[in-house]
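Reading through the structure tokens given below for one structure.
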Amino acid sequence: MSAIYILWLRQLKRYFRSKSRIAGSLGQPLLFLVALGFGFGPIYQKAGGGNYIEFLAPGIIAMSVLFSAVFSGIEIIWDRQFGFLKETLVAPVSRFKIMIGRTLGGATTASFQGVVVFLMTLAVGFRPHGILSLLLAIAFMFLIAVLFTALGTAIASRMEDFSGFQLISNFLVMPLFFLSGALFPLKGLSPTISLIAAIDPLSYGVDGLRDALTGAGVYGVGMNLTILGAISVLLFAIGGYLFSKIEI
Amino acid sequence: MNRNVIEVGDLVKIFDGLAAVDGISFEVGAGEIFGFLGPNGAGKTTTIKILTTLLHPTSGKVSVNGFDPVADSENVRRSFGIVFQDPSLDDELTAYENLEFHGVLYGMPKKMRRERIENLMKLVELWDRRGDLVKHYSGGMKRRLEIVRGILHHPKILFLDEPTLGLDPQTREHIWDYIKNLNEKERLTVFFTTHYMEEADRAAGRIAIIDNGKIVARGNPAELKKEMNASSLEDVFLAFTGHEIRAENSEAADTMRMRHRLWTKRK
Ligand SMILES: Nc1ncnc2c1ncn2[C@@H]1O[C@H](COP(=O)(O)OP(=O)(O)OP(=O)(O)O)[C@@H](O)[C@H]1O
Ligand SMILES: [Mg+2]
């Protein structure tokens, strides 16, 4: 237990100490909110979609949690490069516990980031429909965070250096985000895009968040929670296995 | 009776066709200080990584404190402390936090952990700088901190992979005095590598010389000197390993390693 705690604590300390990283990672969601929100807002309204900021805000929150979570998972590569990974790998703690501690730490900071972005959306005019639903929204942020931290860990366990980083960013993280329904409604799409969105786990996170904050969900809370939970467990198992196989 | 705490039999480790460790056998008794010497790229670090569960051997028998590093890794991990050849501290944490992290991971109770950290940090004169982020430490300070971390949890065996690399003579002497002291008082078994032959001569009860993955000599430093009719351990070392520079050799291997990495990435 204490091993998991200290690993979790380390992630938090590292996160809160790198102020520039926090500031940097808030710039992107702000840009998306302002540029897309105000840029597409009028068209969206004219087309009968309603208030676009209201639609977009949950998507942008989900985006920042996604980026932050994958990045936390991938941080293992940093630890490998700077040598600290060896210190944890020779400790008499099962690799699975190390994986749990790291993932919870990464998921906590990613959720924190989601909350900060949520506050930013308030500043650009987003109004959630209820205070109580905020708790459900935070639960969804945490689920998204666990899922994608585990995914990042799984991938990073097989990478020796940063050479594959760009690849992951461009061919995994970006598509996950853009095809998730974060930016456009999933209703009335062509079957191909609908199908792609349906196999993108982030879709269920975005939908869950949107449902919690504005009541405009498509899949329903039960389905969103079940799918996110199931995929998290699966990725956790895969990530844990790959992590346990690391040799340096 | 001198029970062996490390036993290695016909150990082989092959990296993409290159035998980094090529059938070595040796044992280290409880309470011994054992020097593992060899030119660059000889296979010292690879051997240590296998003994400390970081790498799986290709073949051969290994036992550390009576346990198999592959089948029984957690028991092996409980038995040793290590100072790695390359840096392994978390730069974004303070020195104290690095040690605290280690103590908690190794399950040390709070009170004992705090006392031990304070004692050891005072000993290596880092106590006043305990709250500094490690990235603000000098190279020598980092090394001292790593050595403290290696012995923090009272391990039975201490692995030191070039522990005094980059340290000034004063600090080196200090650190060896302390390690020898622990060795005598707590019967700590020490397995170390170094490129400073006079250091090995002074500290080690027994040494083995490894070259190209094979052990080419072993014994007590004084006896080896006498046997070879050499005035220093350095001469013994050169007599066994020749005068050629190994950089070329290991550079070629490093290039191969790089290439291999690139290729496996592309798959
Ligand atoms: N992960 C790896 N993949 C491929 N080759 C490796 C790997 N690790 C080490 N080698 C090769 O194995 C050989 C032995 O390396 P090792 O690090 O054990 O040498 P060493 O005796 O510790 O040398 P030094 O004194 O320079 O630290 C070298 O030729 C090295 O290039
Ligand atoms: Mg080495």
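Listed values, structure above:
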| read-out | value |
| --- | --- |
| Residue match in the range A:53-72 (condition: under 11 Å from A:V124 (Cβ atoms), out of contact with any strand residue (DSSP E or B) (no Cβ under 9 Å at 6 or more places or on another chain) and among the aromatic types (F, W, Y)) | no |
| From B:R78, B:R3, residue being of a type outside the set (A, V, I, L, M, F, W, C), surrounded by fewer than 21 Cβ atoms within 10 Å (Cβ to Cβ) and modelled with pLDDT under 95 | B:R3 |
| Filter pass, A:E87 being within 14 Å of another protein chain (Cβ to nearest Cβ), closer than 26 Å to A:Y204 by Cα and out of contact with any Asp or Glu (no Cβ under 6 Å at 6 or more places or on another chain) | no |
| Criterion violated by A:S2 - all others in (1) within 14 Å of another protein chain (Cβ to nearest Cβ); (2) within 19 Å of A:V115 (Cα to Cα) satisfied | (2) |
| Answer from A:G24, A:G41, A:G37, A:G59 - the residue that is touching a helix residue (DSSP H, G or I) at 6+ places or on another chain (Cβ under 7 Å), among the small types (G, A, S), surrounded by fewer than 22 Cβ atoms within 10 Å (Cβ to Cβ) and assigned to a helix (DSSP H, G or I) | A:G41 |
| Of residues in the range A:186-202 being touching a residue at least 24 places away in the same chain (Cβ under 8 Å) and surrounded by 14 or more Cβ atoms within 10 Å (Cβ to Cβ), the one farthest from A:I131 (Cα to Cα) | A:D200 |
| Condition met for B:T171 (within 16 Å of ligand 2 (Cβ to nearest atom) and touching a helix residue (DSSP H, G or I) at 6+ places or on another chain (Cβ under 6 Å)) | no |
| Within the range B:81-98, considering residues that are within 8 Å of chain A (Cβ to nearest Cβ) and under 18 Å from B:R116 (Cα atoms), the one surrounded by the most Cβ atoms within 10 Å (Cβ to Cβ) | B:I82 |
| Inter-residue pairs, beta-carbon under 9 Å, first at positive phi and in the range B:182-196, second of a type in the set (A, V, I, L, M) and more than 16 Å from ligand 1 (Cβ to nearest atom), 6+ apart | B:R187/B:A30 |
| Enumerated helices (runs of 4 or more DSSP H) restricted to the range B:1-120, each holding at least 3 residues that are more than 16 Å from ligand 2 (Cβ to nearest atom) | B:73-79, B:95-105 |
| Conditions (1) over 29 Å from B:L152 (Cα atoms); (2) surrounded by fewer than 16 Cβ atoms within 10 Å (Cβ to Cβ); (3) within 16 Å of ligand 2 (Cβ to nearest atom); number of the one not met by B:D235 | (3) |
| Lone qualifier among B:L165, B:L145, B:L158 - being part of a loop (DSSP other than H, G, I, E, B) and not hydroxyl-bearing (S, T, Y) | B:L165 |
| Residues located in the range B:101-119, provided they are closer than 12 Å to B:L145 by Cα and at the interface with chain A (Cβ under 9 Å from one of its Cβ atoms) | B:H102 |
| 2 or more residues β-branched (V, I, T): qualifying helices (runs of 4 or more DSSP H) within the range A:95-204 | A:95-123, A:133-157, A:191-199 |
| Test: residue in the range B:46-61 that is polar (S, T, N, Q), in contact (Cβ under 8 Å) with a residue 24 or more places away in the chain, within 30 Å of B:L233 (Cβ to Cβ) and buried (at least 22 other Cβ atoms within 10 Å of the Cβ) | yes |
| Criterion (within 14 Å of another protein chain (Cβ to nearest Cβ) and either basic (K, R) or within 16 Å of ligand 2 (Cβ to nearest atom) (or both)) met by exactly one of B:F192, B:F159 | B:F159 |
| Check on B:E199, of a type outside the set (S, T, N, Q), within 16 Å of ligand 1 (Cβ to nearest atom), out of contact with any Asp or Glu (no Cβ under 8 Å at 6 or more places or on another chain) and touching a residue at least 24 places away in the same chain (Cβ under 8 Å) | yes |
| Total residues in the range B:62-71, condition crowded, with 18+ Cβ neighbours inside 10 Å, closer than 25 Å to B:D16 by Cβ and either at pLDDT below 95 or within 14 Å of chain A (Cβ to nearest Cβ) (or both) | 1 |
| Test result for A:K13, in a helix (DSSP H, G or I), in contact with a Phe, Trp or Tyr (Cβ under 6 Å, 6 or more places away or on another chain) and within 11 Å of another protein chain (Cβ to nearest Cβ) | no |
| Any hit, the range A:122-133, residues being in contact (Cβ under 8 Å) with a residue 60 or more places away in the chain, surrounded by 18 or more Cβ atoms within 10 Å (Cβ to Cβ) and within 16 Å of the chain's Cα centre (by Cα) | no |
| Residue among A:S190, A:S232, A:S203 that is of a type in the set (S, T, Y) and modelled with pLDDT under 95 | A:S190 |
| Residues located in the range B:121-142, provided they are in a helix (DSSP H, G or I) and among the charged types (D, E, K, R) | B:K122, B:D128, B:R129, B:K135, B:K142 |
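Table: residues versus (1) among the β-branched types (V, I, T); (2) at pLDDT 95 or above.
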{"position": "A:I22", "(1), (2)": "yes, no"}
{"position": "A:Q45", "(1), (2)": "no, no"}
{"position": "A:P58", "(1), (2)": "no, yes"}
{"position": "A:G83", "(1), (2)": "no, no"}
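The values are calculated or read from the model by the stated rules, or taken from the named source; none is laboratory data. Just so it is clear, the structure is predicted and the values come from calculations on it, not from any experiment. Methodologically, a virtual Cβ is constructed for each residue, glycine included, from the backbone with ideal geometry; neighbour enumeration extends over all protein chains shown.
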